[in-house]
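Notes follow once the structure below has been shown.
Laboratory data are not the source of any read-out in this text; all were calculated from the coordinates shown. Quantities reported herein were computed from a predicted structural model and do not represent experimental measurements. As a convention, Cβ positions derive from the backbone with ideal geometry for all residues, glycine included, and neighbour counts pool all protein chains shown.
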Amino acid sequence: MQWSYIHVPLRYGQGKLGVDQGPMKLNELGMEKLLPTGTVKQTIRVLPESEIRENEEHLKRVDGVLHTVTELAEVIDSEIRANRFPLIVGGDHSMAIGTLAGLAKTGPFGVIWVDAHADLNTGDTSPSGNIHGMPLAAAMGMGDIRLTEVGGRDSKLSPNHLVYIALRDIDEGEINEINRLGIKVITVEEVRTRGVDVIMQEALSYLRERVDRFYISFDMDSLDASLVPGTGTPVDGGLTEVEAKAILKEAMQAEDLIAVELVELNPALDRDDMTAQLAYRLCETIIKSKENLLLEGETV
Ligand SMILES: [Mn+2]
């Protein structure tokens, strides 16, 4: 299996400076050494700020987001078709509009979304107008047509092909949608009381009853706020490092996993690189688990 390492230095999906520096920070910490020989590396283009024209209150910097996710969708499509395994690092979570659209071009798939937030807002329900809170709505065909039509008109994701893990800061409009659509949610409490092995087996069986492959999108704010000062919207009551690694390890060892994404590392907000170092260790777990370089029970 050949890896495809994709940088997405996008920050226009939210308002804070610095999240665009996440991918380069990981490189500084030594990502190049972790990547297996033969990995194909590329960086998705991002518009310079001087070229951003749109700043609609309900969809901020939408042209900046669209520019990058449209290209990312094409890249993901071609990498999957080339039989490579994408590791996509961001960047804010609006980039997932591109990942989801690109994967959809290659057929149906399931999603494990590890995040404090549901990212299920539309321009109409979002309190902030930040597009990083909208990727799953867009993929399900909800919201502004410019976002839902990235990578084609059809809906990219079915609500019952999605499992949330670590959700705990949900907007009212999102709660209504999760209930209406019947989306599966696994809380931090369940991860802790039932164990990662059990909840991951449950998540994977749920998806496998419906689709034959899946991807995992990991937002740094799924971790507890005390561990991740270097992310834009930290939330208390999140995952421990051990839990996060165990979730990633279980996912990476599944043969039907087709891509992994790590988002919302913001080095400008970080304290002594602690969030960046943690993100780096998660990448180490991601790569070594798939390459079978971890010993049984070891989580790096
Ligand atoms: Mn997110």
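For the reader, a short list of remarks on this structure follows.
- Near Leu223, the amide H atoms lying under 5 Å from its own belong to Leu239; only residues 5 or more places off or on other chains count, and H is placed 1.01 Å from N.
- Membrane-span-like helices in the chain (whole DSSP H runs, Cα extent of at least 15 Å along the helix axis, mean Kyte-Doolittle hydropathy of at least -0.5): 62-81, 196-208, 241-252, 274-290.
- Max mean-square fluctuation residue, GNM over the chain, Cα-Cα springs under 10 Å, options Ser155, Ser289, Ser226: Ser226
- In this simple spin-label model, placing a label point 7 Å from the Cα along the Cα-to-Cβ direction at both Asp169 and Leu293 gives a separation of 3.3 nm.
- Among Phe109, Phe85, a tally of other beta-carbon atoms within 10 Å of each Cβ gives an order, fewest to most, of Phe85, Phe109.
- Computed over the chain with a Gaussian network model linking Cα atoms closer than 10 Å, the most mobile of Gly141, Gly151, Gly110 is Gly141.
- Paired Rg and Dmax values of the range 2-290, which use every Cα atom, in angstrom: 17.0, 50
- Inter-centroid distance (Cα atoms) of the range 145-196 relative to the range 2-80, Å: 23
- Per residue of the chain, the DSSP helices (runs of n ≥ 4 H) give a summed -39500 (n - 2.57) that works out to -10500 deg cm²/dmol at 222 nm.
- For the pair Glu149 and Thr193, the difference between a 0.36 nm per residue extended length and the Cα-Cα distance amounts to 11.8 nm.
- Anchor Lys184: lysines whose Cα lies under 28 Å away (excluding residues fewer than 8 positions away in-chain): Lys105, Lys156, Lys245, Lys249, Lys290
- Euclidean distance between Cα centres, the range 110-130 to the range 222-300, Å: 20
- Charge dipole magnitude, Cβ of K and R +1, D and E -1 - the range 55-142, Cα centre, debye nearest 20: 260
- Of Gly64, Gly90, Gly195, the one that fluctuates the most in a GNM where the chain has Cα springs shorter than 10 Å: Gly195
- Calculated FRET efficiency for the pair Arg180/Met274, C-beta based, R₀ 30 Å, to 0.05: 0.20
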